[in-house]
Amino acid sequence: MLKQELCQFLELELKTSYNTHEINNLANYFIAHWKETQKQQVIHLKDLRNEKWILDWVFRLQSGEPIQYISGIAPFINLNLKINRDVLIPRSETEELAHKIYLENKEFNSLKVLDIGSGSGCISLYLKSKKNDWELSGIDVSKTAVDCSVENAKRLQLDVEYRISDFLNVNEWPEKSMILL
């Protein structure tokens, strides 16, 4: 019942910018954030409406800010990644690319992969979640992007090495014999 009521509330506030399907997805973000921050499973709409962050999120959505940056979470295939404004929001095309890389190489038990411009770490973390024996590294020129990748790797307990490096400088790459993404 809560989700339906929340969708109705969000639709009233956001109907000029979001369709019904998008409103439903936004409601999932609101509910997930409530559960994570309040540490309780039972939620009532009246409780949500009394939260200052609800109005803040609605205002930010009305101004066009993506829900992923507002909530700090972006789903990627089977992973929920922390993100910030210093990394791109993972897109469905990136999910398709990561899955295709996995499918084309899954028969290899040992593989070294360098994720160039790793951002949130979505590609390398997904691949590591599928093939733990693979050696994955990621580089990004941005310290805050590398910090984001490292935080995601720790949170997901996946052993992927990230470092600050300029991919245009070949001498800074961790390995010469690896698949480059």
Counting only residues that are open to solvent by less than 80 Å² (accessible area, probe 1.4 Å), of a type outside the set (Phe, Trp, Tyr) and over 18 Å from Pro66 (Cβ atoms), segment 4-30 contains a total of 4
Are there any pairs with C-beta distances below 6 angstrom linking a residue in segment 150-171 that is touching a residue at least 12 places away in the same chain (Cβ under 8 Å) to a residue that is aliphatic (A, V, I, L, M) and open to solvent by 90 Å² or more (accessible area, probe 1.4 Å), with the two at least 6 apart or on different chains, and if so which?
-> Asp166/Val141
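Those residues that are more than 15 Å from Lys130 (Cβ to Cβ) and touching a Lys or Arg at 6+ places or on another chain (Cβ under 7 Å), I need them from segment 156-166; list them, please.
Taking segment 156-166 first, the residues more than 15 Å from Lys130 (Cβ to Cβ) are 161-166.
Answer for segment 156-166, where residues must be more than 15 Å from Lys130 (Cβ to Cβ) and touching a Lys or Arg at 6+ places or on another chain (Cβ under 7 Å): just Ile164.
Name the single residue, out of those in segment 18-59 being part of a helix (DSSP H, G or I) and either among the hydroxyl-bearing types (Ser, Thr, Tyr) or at pLDDT 95 or above (or both), that is farthest from Gln8 (Cα to Cα). Talk me through it step by step, then tell me what you get.
Going residue by residue through segment 18-59, those that are part of a helix (DSSP H, G or I) are 20-38, 45-49, 52-59.
Then drop every residue that is not either among the hydroxyl-bearing types (Ser, Thr, Tyr) or at pLDDT 95 or above (or both), which leaves 20, 29, 37.
On the way: Thr20: 10, Tyr29: 15, Thr37: 23 Å.
Here the answer is Thr37.
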Return the only residue of Glu135, Glu96 being of a type in the set (D, E, K, R) and more than 19 Å from Ser165 (Cβ to Cβ).
-> Glu96
Would you tally the residues in segment 140-181 being more than 14 Å from Ile123 (Cβ to Cβ), touching a strand residue (DSSP E or B) at 6+ places or on another chain (Cβ under 7 Å) and modelled with pLDDT under 70?
-> 4
Say whether the condition of being of a type in the set (S, T, N, Q) and touching a residue at least 60 places away in the same chain (Cβ under 8 Å) is met by at least one residue in segment 104-119.
-> yes
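The values are calculated or read from the model by the stated rules, or taken from the named source; none is laboratory data. Every value quoted in this text rests on a predicted model; they were computed, and no experiment measured them. Glycine also receives a Cβ, built like all others from the backbone with ideal geometry; neighbour counts cover every protein chain displayed. In case anyone asks, the SASA skips ligands and DNA or RNA and just uses the protein heavy atoms, side chains included. Shrake-Rupley method; radii C 1.70, N 1.55, O 1.52, S 1.80 Å.
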